[in-house]
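For reference, the structure is listed below as structure tokens.
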Amino acid sequence: MTDRPAAAQGAFAALGAQVAVITDPANRRWLTGFTGSSGLVILRDGVAELITDGRYTIQAQAEVRPGVRVTTDSRRTAGGLGEHLAGHSGPVAVEADHLTVAQMADLERDLSLISWVTTRGVLANLRAVKDSDELAAIRQAFAVADGAFGELLPEVQPGARELDLALSLEGAIRRHEGCGLGFESIVVSGPRCALPHGQPSGRQLAVGDLVTIDWGATVVGYTSDCTRTLAVGQLQEPGRRIYQVVKAAMEAAIAAARPQTLGKDVHAAARAVIEAAGYGANFVHGTGHGLGLEIHEAPALGARSEDRLQVGMVVTFEPGIYIEGYGGVRIEQTGIITEGPVEILSGLPTELQIC
């Protein structure tokens, strides 16, 4: 997208606001390029003005895209918002999905002459379709994640602790020139594989265990997201059958993901495979989600999602089966929606690996 402020302004104008205040950090970065932790953006006349405090003046000037104005406000931005909006009497859009109730109350109190338009997901919807630079960063984030996982594999053996594997994976991501973790890595084993978002523990791997590893790397702010389930030494039933069912469900979701397809229909394709195998009650989450500057972005691939896939979206496909007391399997691929088949971003195999 060559002119993000203009596109954003048009989206807010369609909701009746010619001015918008952007407070979501990911939206702020997408609009301006600024990576600091403090600041907001006022969007008007097709121009983005970044307001930050003195700690970030030099950084902001170096990072912002051409055409973005930088203003320093020692009151940490929000306190001086009234002055920055002085003279404006029309509606001003705010991001209701980011502001707290208390912050909104303060705005209404301090700027009583302004009418506020509360919006949801305006910039999230624009961000869902990635441009060529964003796709390049995401591809690189997957290359980093793949390389780090290959380095970790020899450590997946009996006696290894989940916590140690997670730590090794983080170090490997850094060694492969990732900027950092996309999110806190999930490493769970044995019965703990029944926890879709389980945190690594001191549990030691044993022969016959399933091990689920969910990880990602960031490159210039853009993230990757991968999941693989491995077996330690050997794998008996029902683990082998569950693995094949989940793999088939993931492949069905990928095959269903075409431009203009609804997110709920992609989810339905994966769920149908799992339900047919008798594990419908053990698939407890959506099939996938978009990713980019954040690990969870639009579109959603879930049971009620009316999000429509478009060329250039990056989405995950990650069905799972989770059985309390036994464990579980999740396998995840991520791909770019194209006019043809989905472009899969990870080069790692999805066949069962015995470590």
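Readers should treat all values here as calculations from the given coordinates under stated rules, not as data from a laboratory. A quick note: this is a predicted structure, and the numbers were derived from the prediction, not measured. As a convention, Cβ positions derive from the backbone with ideal geometry for all residues, glycine included, and neighbour counts pool all protein chains shown.
For Gln353, the residues 5 or more places off, or on other chains, whose built amide H falls under 5 Å of its own are Ala231. When +1 charges are put on Lys and Arg Cβ atoms and -1 charges on Asp and Glu Cβ atoms, the dipole computed for the chain relative to its Cα centre reaches about 140 debye. Using a cut-off of 13 Å between beta-carbons, work out the net charge of the residues near Val311 (Lys and Arg +1, Asp and Glu -1, Val311 not included). Every neighbour counted, the sum reads 0.
When the chain is treated as a Gaussian network with alpha carbon springs shorter than 10 Å, the biggest mean-square fluctuation among Ser201, Ser37, Ser185 belongs to Ser37.
Couplings 3J(HN,Hα) for the range 288-305, derived from phi with the Karplus relation 6.51 cos²θ - 1.76 cosθ + 1.60 (θ = phi - 60°), are x, 7, x, 8, x, 5, 10, 6, 10, 10, 5, x, 9, 10, x, 4, 10, 6 Hz, where x marks Gly and Pro. For the residues Glu83, Glu332, Glu324, a GNM of the chain with alpha-carbon springs under 10 Å puts the largest fluctuation on Glu83.
Under a model in which nothing but the beta-carbon of Lys, Arg (+1) and Asp, Glu (-1) is charged, the range 255-321 shows a dipole of about 180 debye around its Cα centre. Taking the longest Cα principal axis of the chain as reference, the axis of helix 263-276 is set at about 20 degrees. Relative to the 2.2 N^0.38 Å rule of thumb, the range 78-167 has a C-alpha radius of gyration ratio of 1.90. Here the chain was treated as a single set of alpha-carbon atoms; its pair distances binned every 20 Å from 0 give 28, 50, 21, 1 percent. Residue by residue, the range 218-230 carries 3J(HN,Hα) couplings of 10, 9, 6, x, 9, 10, 10, 8, 9, 9, 9, 10, 10 Hz when phi is fed to the Karplus relation 6.51 cos²θ - 1.76 cosθ + 1.60 (θ = phi - 60°); x denotes Gly or Pro.
Estimated at 0.36 nm per residue, the fully extended path between Ser112 and Arg161 surpasses their Cα-Cα distance by 11.9 nm.
Quarter the surface of the alpha carbon convex hull of the range 4-127 and you get the mean projected area, 6.7 square nanometres.
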